[in-house]
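The values are calculated or read from the model by the stated rules, or taken from the named source; none is laboratory data. None of the values given here were measured: they were computed from a predicted structure. Here the Cβ positions follow ideal geometry from the backbone for every residue, glycine too, while neighbour counts run over all protein chains shown. The protein model used for the area step is the full one, side chains on, heavy atoms only, and it has no ligands, DNA or RNA in it. Shrake-Rupley method; radii C 1.70, N 1.55, O 1.52, S 1.80 Å.
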Amino acid sequence: MIYLQMLITFIKIGLFSFGGGYAILAMIQQEVVLKQAWITEAEFIQVVAISQMTPGPIAINAATFIGFQKGGILGSLLCTFGVILPSVIIMLLITLTYLKLKRQAWFQNVFKRLRLLSLGLIAAALIMILGHAVKDLFSVTIFVLSFIATWRFKLNPFTMLIVSAIAGILFGSA
């Protein structure tokens, strides 16, 4: 029964994942940590970190890791399949619809509104994660410096990840 529950949960998550992985993190946390209690808040933060470091979309990586933690290989497969299935179906329908309606003004307006929804979901994920990830002044400093270096100076995020890890090992407090 847990496998069916995992599949349905991640289909629901995948169904509302407008805006990509970062926008969906708040929903994954709500469903998996708060509602189902399949993993703890600390484990969720670790899943997010691992999902960011591994190749591929963050939502799929998170679903795979959470599924494996809760249900082994079968759980991993079901959660991964569940999170991508709605997107595949929706994109197929959107593509067919877009080809027929792409010149209609009302149809173009729908896509403008979806961008605003995505921005709101990303902001919600940031607020939820910052509350648990920021522990002290050192963490805030590393975050701000990494953000500036990546955004302003266009440094590679992977490079910033390595530099931040080294700074945490050398100067951080455990």
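With more than 25 Å from A133 (Cβ to Cβ), at pLDDT below 90 and not acidic (D, E) as the only criterion, which of S51, S87 stands out? Step through it out loud before you land on a result.
Details: S51 fails: more than 25 Å from A133 (Cβ to Cβ).
Of the residues listed, the single one that is more than 25 Å from A133 (Cβ to Cβ), at pLDDT below 90 and not acidic (D, E) is S87.
Checking I169 against (1) surrounded by 12 or more Cβ atoms within 10 Å (Cβ to Cβ); (2) within 18 Å of A49 (Cα to Cα), which single condition isn't satisfied?
All conditions are met except number (1).
Under 6 Å by Cβ, and 6 or more places apart or on different chains, what pairs join a residue from region 123-135 that is more than 14 Å from I28 (Cα to Cα) and surrounded by 13 or more Cβ atoms within 10 Å (Cβ to Cβ) with one that is at pLDDT 75 or above and among the aliphatic types (A, V, I, L, M)?
H132/I45; V134/V140
Would you point out the residue of region 17-29, among those that are open to solvent by 40 Å² or more (accessible area, probe 1.4 Å) and either of a type in the set (A, V, I, L, M, F, W, C) or at pLDDT 90 or above (or both), that is nearest to L114 (Cα to Cα)?
Kept after step one, since they are open to solvent by 40 Å² or more (accessible area, probe 1.4 Å), are these residues of region 17-29: 18-19, 22, 27.
Filter once more, so that each one left must be either of a type in the set (A, V, I, L, M, F, W, C) or at pLDDT 90 or above (or both): 18, 27.
Numbers: F18: 7, M27: 17 Å.
Going through the qualifying residues, I end up with F18.
If a residue must be among the polar types (S, T, N, Q) and assigned to a loop (DSSP other than H, G, I, E, B), how many such residues does region 148-167 contain? Reasoning before the result, please.
The first filter runs over region 148-167 and keeps only residues among the polar types (S, T, N, Q), leaving 150, 156, 159, 164.
Retained after the next criterion (residues that are assigned to a loop (DSSP other than H, G, I, E, B)): 156.
Going through region 148-167 one residue at a time, the tally reaches 1.
Among what's in region 61-73 and is of a type in the set (A, V, I, L, M, F, W, C) and touching a helix residue (DSSP H, G or I) at 6+ places or on another chain (Cβ under 6 Å), pick the residue that is most open to solvent (accessible area, probe 1.4 Å). Full working, then the answer.
First, the residues of region 61-73 that are of a type in the set (A, V, I, L, M, F, W, C): 62-63, 65-66, 68, 73.
With the extra rule that they be touching a helix residue (DSSP H, G or I) at 6+ places or on another chain (Cβ under 6 Å), the set shrinks to 62-63, 65-66, 68.
Numbers: A62: 2, A63: 0, F65: 69, I66: 1, F68: 118 Å².
Per the criteria, the residue is F68.
To keep it simple, each residue is scored yes or no on (1) within 24 Å of G14 (Cα to Cα); (2) in contact (Cβ under 8 Å) with a residue 60 or more places away in the chain.
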residue	(1), (2)
G72	yes, no
S87	yes, yes
L96	yes, no
K102	no, no
G120	yes, no
S146	no, no
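Scanning region 136-147 for residues that are surrounded by 12 or more Cβ atoms within 10 Å (Cβ to Cβ) and not aromatic (F, W, Y), which turns out nearest to the chain's Cα centre (by Cα)? Show your work before the answer.
Step one: list which residues in region 136-147 are surrounded by 12 or more Cβ atoms within 10 Å (Cβ to Cβ), which gives 138-143, 145-146.
From what's left, not aromatic (F, W, Y): 139-142, 145-146.
On the way: S139: 21, V140: 21, T141: 23, I142: 21, L145: 22, S146: 19 Å.
The qualifying residue nearest to the chain's Cα centre (by Cα) is S146.
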